[in-house]
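Beneath this line is the structure, given in structure tokens, with notes to follow.
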Amino acid sequence: MKVKAQVRLSLYERGIVEALSADHGYPVSEARALVVEYIEIVRKLGGYENCTHYAQLLDLARQSGHSPAEWLERIQGIEKGELRDRGIGSEERQYLQTK
């Protein structure tokens, strides 16, 4: 039998749970389960927004059927694009060539 490790939520992550419960009507246990399900995303994004913003995003992700894996894949795609960024000059040249 495989035992699942208990995820210890930070104070910030607990704030997201509270916002899901207060603002979106989730029972606390379900809100916590949602945050745990998307914990890799929450931690990847780094807590730059307020808790209510992330609560809204998690609620929207659940309603839209976007899995944590899909969200993480999108983030990684954006990060790869940023690594290939050749700067504004390159974008301006590309824009001027298409006009």
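The values are calculated or read from the model by the stated rules, or taken from the named source; none is laboratory data. All figures in this text were calculated on a predicted structure; none of them were measured in a lab. Methodologically, a virtual Cβ is constructed for each residue, glycine included, from the backbone with ideal geometry; neighbour enumeration extends over all protein chains shown. Ligands, DNA and RNA are excluded from the accessible area calculation, which covers all protein heavy atoms including side chains. Shrake-Rupley method; radii C 1.70, N 1.55, O 1.52, S 1.80 Å.
Please enumerate the residues belonging to segment 58-70 that are open to solvent by 50 Å² or more (accessible area, probe 1.4 Å) and either within 18 Å of Val17 (Cβ to Cβ) or part of a loop (DSSP other than H, G, I, E, B) (or both). Listed by number, the residues that qualify are Leu60, Arg62, Gln63, Gly65, His66. Taken across segment 56-74, residues that are touching a His at 6+ places or on another chain (Cβ under 6 Å), modelled with pLDDT of 80 or more and closer than 28 Å to Leu11 by Cα do occur, with at least one present.
In the set (1) assigned to a helix (DSSP H, G or I); (2) touching a Leu at 6+ places or on another chain (Cβ under 8 Å); (3) open to solvent by less than 50 Å² (accessible area, probe 1.4 Å), Tyr26 fails one condition alone, (1).
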